[in-house]
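Novice: There's a structure below that I have some questions on.
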Amino acid sequence: MKTITFSNGDQIPILGLGTWKSKPGEVYQAVLWAIEAGYRHIDCAAIYNNEKEVGKALHKAFEDGLVKREEMFITSKLWNNAHRREDVKPALKQTLKDLQLDYLDLYLIHWPISFKAGVGFAEIRKDFYTYSDVPLSQTWAAMEEVKKLGYARNIGVSNFNITKLGEILKNCTEKPEMNQVEMHPYLPQEKLVNFCKSNGIHLTAYSPLGSGDRSSEAKKPDEPILLEDKKIRVLAEKHHCSAAQILIAYSIHRDIVVIPKSVNQERIKQNLEATKIQLDEGDFEKLNSISTRHRFIDGSFFTKGQSPYKMEDLWELE
C-alpha cells in the first residue's frame, strides 16, 4: 500500500480504518476484520468513547500473531478538556492504557477549542477556556514534551485552519506533521492543502464519504448526499466499483491519507480495495469540476450559546 513518510522516517499507510461513530460492541470486531483484511492503520480518539474496545482488539491481534505492534500505525487525539500543559501527558497516558499500547504512532490535538478539565462537552460559558487562558502554544509545547518522552512518535493537529496552524508554526520547536480535516469533492480544501504541503504538513481526510451515518439531529435538513452525486456515480460505473471506492481513491490520488469508517466486514474489505483504483487525470478533473460545496461537520456545536469561540476559529470562511 502507498504510504506517507514523516520526518523521522515513520510511514503511515495512506488508508486507515476510522473508528468515529463505531459503537462499543461493534468496533472490536471491526478492528479485527480490518487487520485480517490487511489494514495496518487505525485512527482513534479519546472522545469516541471506544478506545478500550479498540485496545482489546489490538491486544488480541498481537497475542494471536495476526500482526506485530511495529507493523501497525495507531493514531489518537487529545480531547478539548486536556489542553493545559499539565493535562496533556495524563490524557495521553489514559489513551495508552485504554489502547493497551506503550506508545502512539501519531497523537493529534483534536480541535483548537479548549474546555475546562473534567468537562466532556462544554455548553455554558464557565465550561470553556479561552485562548488567553490556554494558548494553543501551551498545548503544543506539551505535545512536544510527550513526543520527547516517547509516548508519541509523531505529533500533529486536527481541524486546524491556516491561521491556527500559523500560530503553532510561529512558536514551535517541532512543527505539526499532520492536520486531519474533513475532505472530499464537496470540500476539497485547496487553499488549506496548499498551505500544509508548502509547510511540510501532511493531511488526513476524515468523513471522506460524507458521514451519512450521523444522527438525523446532527444533519441539516437539506444537506446533499455525497455518495449519490451523479458525477461520482458515473466514475464508479466506469471503474466497476462503488461510489465509496471512488471517494477513497480521490484522496489517495491527492497523496492525502484517508480514514473511512465501517463496522461492516464486506465494506471494510471494499474500502481497502479502493487502493487499487487508478484515477486518470480526466477522472480527477471530473471530480474537481463538482460545484457543490458542503461541510458536513461544521463545528457549530462549539460556537453556539455561551461559547467564546467563533466559526473563524475553526475554518477559512469564504
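Novice: Taking the Cα centre as origin and putting +1 on Lys and Arg beta-carbons and -1 on Asp and Glu beta-carbons, what dipole magnitude results for the chain, to the nearest 20 debye?
Specialist: Computed charge dipole of the chain: roughly 360 debye.
Novice: Still on this structure: Using the Cα atoms as the points, what is the convex hull volume per residue of the range 1-157 in Å³?
Specialist: Working: hull volume 16.8 nm³, N = 157.
Once divided by residue count, the hull of the range 1-157 is 107 Å³.
Novice: By the gyration tensor of its Cα atoms, with a ≥ b ≥ c the square roots of the eigenvalues, what is the shape of the range 1-89: rounded for a/c under 1.5, prolate for a/b over b/c, or oblate?
Specialist: It is oblate, given that a/c is not under 1.5 and a/b is not larger than b/c.
Novice: At a temperature of 20 °C and a viscosity of 1.002 mPa s, determine how fast the range 189-302 diffuses translationally according to Stokes-Einstein, using the Kirkwood radius over alpha-carbon pairs as Rh; express D in µm²/s, rounded to the nearest whole number.
Specialist: Rounded, D is 141 µm²/s.
Novice: Continuing with the same structure: Going down the list LYS52/LYS93; LYS23/LYS77; LYS56/LYS276; LYS56/LYS269; LYS77/LYS116, which pairs span over 23 Å between their C-alpha atoms?
Specialist: As for pairs spanning more than 23 Å Cα to Cα, those are LYS56/LYS276.
Novice: Can you give the FRET efficiency for LYS304 and GLU174, using 1/(1 + (r/R0)^6), R0 = 35 Å, r = Cβ-Cβ distance, to the nearest 0.05?
Specialist: It comes to 0.55.
Novice: Let me ask something else about it. Using a simple spin-label model with points 7 Å from Cα along the Cα→Cβ vector, what separation in nm is obtained for PHE284 and LEU317?
Specialist: Reported label-point gap for PHE284 and LEU317 is 3.3 nm.
Novice: Also, I was wondering about something else. Please state the charge dipole magnitude for the range 10-51, taken about the Cα centre, from unit charges on C-beta atoms (+1 on K and R, -1 on D and E), reported in debye and rounded to the nearest 20. Could you put the intermediate results ahead of the total?
Specialist: Numbers: 3 positive and 5 negative charges, 24 e Å.
The calculated dipole for the range 10-51 is roughly 120 debye.
Novice: Using R₀ = 35 Å, calculate the FRET efficiency as 1/(1 + (r/R₀)^6) where r is the Cβ-Cβ separation of ASP255 and GLN29; round to 0.05.
Specialist: 0.65
Novice: Would you please report the Å³ per residue occupied by the convex hull of the alpha carbon atoms in the chain?
Specialist: It is 131 Å³ per residue.
Novice: If you don't mind, another one. What percentage of the solvent-accessible surface of the chain, computed with a 1.4 Å probe over protein heavy atoms, is contributed by carbon and sulfur atoms?
Specialist: Result for the chain: 48 percent of the exposed heavy-atom area is carbon or sulfur.
Novice: Quote the relative contact order of the chain in percent (integer), defining contacts as alpha-carbon pairs under 8 Å separated by 6+ residues.
Specialist: That works out to 20 percent.
Novice: When a/c reaches 1.5 or more, the comparison of a/b and b/c decides; with that in mind, is the range 254-307 rounded, prolate or oblate per its Cα gyration tensor?
Specialist: Oblate is the answer for the range 254-307, as a/c is 1.5 or above yet b/c matches or exceeds a/b.
Novice: Please give the calculated 222 nm ellipticity per residue for the chain, where each DSSP H segment of at least 4 residues contributes -39500 (n - 2.57) and the sum is spread over every residue; nearest 500 deg cm²/dmol?
Specialist: Result for the chain: -10000 deg cm²/dmol, rounded to the nearest 500.
Novice: Do any chymotrypsin sites (Phe, Trp or Tyr not before Pro) in the range 101-146 lie in a loop, going by DSSP, with at most 15 other beta-carbon atoms within 10 Å of their beta carbon, and if so which?
Specialist: Answer by residue number: PHE121.
The values are calculated or read from the model by the stated rules, or taken from the named source; none is laboratory data. Owing to the predicted nature of the structure, the values given are computational and were not obtained by experimental measurement. For neighbour counting, all protein chains shown are included, and Cβ atoms are generated from backbone atoms with ideal geometry for every residue, glycine included. Remember, those area values only see protein heavy atoms, side chains included, never the ligands or the DNA or RNA. Shrake-Rupley method; radii C 1.70, N 1.55, O 1.52, S 1.80 Å.
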